[in-house]
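Reading through the structure tokens given below for one structure.
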Amino acid sequence: MSFSTSSAQTKTSSSKPFLNFWQIWNMSFGFLGVQIGYSLQNANTSRILSAIGADPHSLSLFWLAAPMAGLIVQPIVGSSSDKTWTRLGRRIPYIFGGSIVSAIAMFFMPNSEHFASLLPALIFGAFMLLLMDTSFNVTMQPFRALVSDMVPEEQRNKGYAIQSFLINTGAFVGSMLPYVLTNIFHVANEPNAGEKVAPTVIWAFYFGGGALLLSVLWTSFKTKEYPPEEYAKYNNIEVADVEEKMSFLTLLKNIPATMWQLSITQFFSWFALFLMWVYTTQAIAQNIWGTTDPHSKLFNDAGDWTGVIFAAYSLFAALYSLVLTPLANKFGRKNSYMFSLICGGVGLISMLFIKDQNLLFIPMIGVGVAWAAILALPYAILSSSLPPKQTGVYMGIFNASITIPQIAAGLLGGIVLTLVGENAMNVIGIAGVSMILAGIFAKLFIQSKD
């Protein structure tokens, strides 16, 4: 049932009320579970697809499912949620619905080989990956807009920093799951006889899907969004303006300049991240474990270690998130963003020179610093320039600055791998250069209202 509104209501100016820590925490808590699932996907998709028959040169093409889904879905969800007013709220229905489908896809993807009677395992796995990515995007997009909707400008750095902390805590848990299951709970890390995917991966995905549902339920029941009248009052607009419909073409023509400025940096940072996610398992398996066989124990050990070092950068990112607000307040969002991205680039490049698996934790410090900033600062910078009545759709359109570079990296990944002599670690070095360029362009092009 929709809230009743009156187009004749006059504007009244009132600032948004300050929120206490737990109010901000609760509205982003669901992102904890979403990121557990998302990090499991990042660390294990290449591993699963390789096990069920994907060629290494084609891996980046399968990974296109995520950015393609985001490019299409997030603007639609953003636009729809801008105009959705229900008793559950404006953004919550999308967060909750997307989480259910995400969890279902997580339960099925690592079991793709068991559905060969319906579809070849690789095709079924690719379809589940697409479904999982689509529903992840339905769930994630409203979380960004929710903070912008409810948190006053003076608390924006804090709001997105808390969100970054929860995201990275979830990423730490998700990335560590296969390793923990293997080394603490002694779940088999090699496929059972006649099977292709290790039980550690399967059980990790089960846990991730359950955690996703529980955390989103917490946000759904603990967060009360502003109804139209309050939202209009806090943003100094009329209720009729909140529900105003605008063509997509008009929205594109009126994109804030800040979004274009951020998009340059976003392209190079997300191009780097995509290459890192796709090729790290292959890179360290080849460079440190000395294998390219996706069915071998050594390759699966490298896959588990990828989860561990991804968990490490998520942990470093979570810790860096705790100091990101005072850093951004003191030195400015743009300068903090530049510094963080350059740290990430240096970390990725340094991986080329490491032959000891334990030393891989060192470059993950830089990657974690960059990741924390990428998750928080662009949104803090952007949210100040968005019209309140179109926050969701512009946040969705902004997602193109994330998805387009990933699509480019996906299309070029196999070519790049060939050009660098089939050495996946060299691809990681290219990712590092791209991340440094992102930091430089942040300084040159972004004009931030700090």
Task: Residue in the stretch 285-296 that is crowded, with 19+ Cβ neighbours inside 10 Å, among the hydrophobic types (A, V, I, L, M, F, W, C), in contact with a Lys or Arg (Cβ under 7 Å, 6 or more places away or on another chain) and within 26 Å of residue 204 (Cα to Cα) present - done: yes
Taking the stretch 383-407 and keeping residues over 30 Å from residue 60 (Cα atoms) and assigned to a helix (DSSP H, G or I) leaves 383, 388, 389, 390, 391
- Query: Is it true that residue 316 is at pLDDT 90 or above, closer than 18 Å to residue 167 by Cα and assigned to a helix (DSSP H, G or I)?
  - Reply: yes
The stretch 127-237: helices (runs of 4 or more DSSP H) wholly inside it with 3 or more residues that are out of contact with any helix residue (DSSP H, G or I) (no Cβ under 6 Å at 6 or more places or on another chain) and under 29 Å from residue 395 (Cα atoms) are 199-222, 228-234
Of 112, 99, the only residue that is in contact with a Ser or Thr (Cβ under 8 Å, 6 or more places away or on another chain) and polar (S, T, N, Q) is 99
>> Within the stretch 121-138, does at least one residue satisfy the condition of being over 22 Å from residue 204 (Cα atoms) and touching a residue at least 12 places away in the same chain (Cβ under 8 Å)?
In response: yes
* **residue 346 vs. criteria under 19 Å from residue 370 (Cβ atoms), surrounded by fewer than 20 Cβ atoms within 10 Å (Cβ to Cβ) and touching a Gly at 6+ places or on another chain (Cβ under 9 Å)** => yes
Exactly one of 235, 157, 254 is touching a Pro at 6+ places or on another chain (Cβ under 6 Å), of a type outside the set (Lys, Arg) and closer than 27 Å to residue 447 by Cα, and that one is 235
Expected single match for more than 19 Å from residue 151 (Cβ to Cβ) and modelled with pLDDT under 90 among 410, 345, 366 is 410
Subset of the stretch 414-449, residues free of Cβ contacts under 8 Å to residues at least 24 places away in the same chain and assigned to a helix (DSSP H, G or I), comes to 415, 419, 444
Exercise. Does the stretch 260-271 contain at least one residue that is of a type in the set (Val, Ile, Thr), in a helix (DSSP H, G or I) and either at pLDDT 85 or above or in contact with a Phe, Trp or Tyr (Cβ under 9 Å, 6 or more places away or on another chain) (or both)?
Worked result: yes
Subset of the stretch 48-82, residues within 19 Å of the chain's Cα centre (by Cα) and not aliphatic (A, V, I, L, M), comes to 60, 62, 63, 67, 70, 74, 75, 78
Only one of (1) in a helix (DSSP H, G or I); (2) over 21 Å from residue 171 (Cβ atoms); (3) not acidic (Asp, Glu) does not apply to residue 40, and that is (2)
Going through (1) surrounded by 20 or more Cβ atoms within 10 Å (Cβ to Cβ); (2) over 28 Å from residue 73 (Cα atoms) one by one, residue 392 fails only at (2)
Cβ pairs under 8 Å, 6+ apart or interchain, first in the stretch 64-78 and within 14 Å of residue 41 (Cβ to Cβ), second at pLDDT 85 or above and of a type in the set (D, E, K, R), ordered by first then second residue, are 65/133; 66/133; 69/133; 70/133
task = Could you tell me whether the stretch 336-354 includes any residue that is more than 23 Å from the chain's Cα centre (by Cα) and among the polar types (S, T, N, Q)?
result = yes
In the stretch 389-407, anything modelled with pLDDT under 85, of a type in the set (A, V, I, L, M, F, W, C) and within 15 Å of the chain's Cα centre (by Cα) is listed as 395
Check your understanding: If you check residue 231 against the conditions, is it surrounded by fewer than 24 Cβ atoms within 10 Å (Cβ to Cβ) and over 30 Å from residue 296 (Cα atoms)?
Key -> yes
Tell me whether the stretch 408-428 contains one or more residues that are under 12 Å from residue 267 (Cα atoms) and within 22 Å of the chain's Cα centre (by Cα). yes
Taking the stretch 317-343 and keeping residues surrounded by 24 or more Cβ atoms within 10 Å (Cβ to Cβ) and aromatic (Phe, Trp, Tyr) leaves 320, 337
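The rows are residues; the columns are (1) surrounded by fewer than 17 Cβ atoms within 10 Å (Cβ to Cβ); (2) under 17 Å from residue 28 (Cα atoms); (3) hydroxyl-bearing (Ser, Thr, Tyr); (4) touching a strand residue (DSSP E or B) at 6+ places or on another chain (Cβ under 6 Å).
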{"residue": "152", "(1), (2), (3), (4)": "yes, yes, no, no"}
{"residue": "165", "(1), (2), (3), (4)": "no, yes, no, no"}
{"residue": "169", "(1), (2), (3), (4)": "no, yes, yes, no"}
{"residue": "172", "(1), (2), (3), (4)": "no, yes, no, no"}
{"residue": "181", "(1), (2), (3), (4)": "no, no, no, no"}
{"residue": "187", "(1), (2), (3), (4)": "no, no, no, no"}
{"residue": "190", "(1), (2), (3), (4)": "yes, no, no, no"}
{"residue": "198", "(1), (2), (3), (4)": "no, no, no, no"}
{"residue": "204", "(1), (2), (3), (4)": "no, no, no, no"}
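The values are calculated or read from the model by the stated rules, or taken from the named source; none is laboratory data. What you are looking at is a predicted structure, and each value in this text was computed from that prediction instead of being measured. Cβ coordinates were reconstructed from backbone atoms using ideal geometry, including for glycine residues, and neighbour counts include every protein chain displayed.
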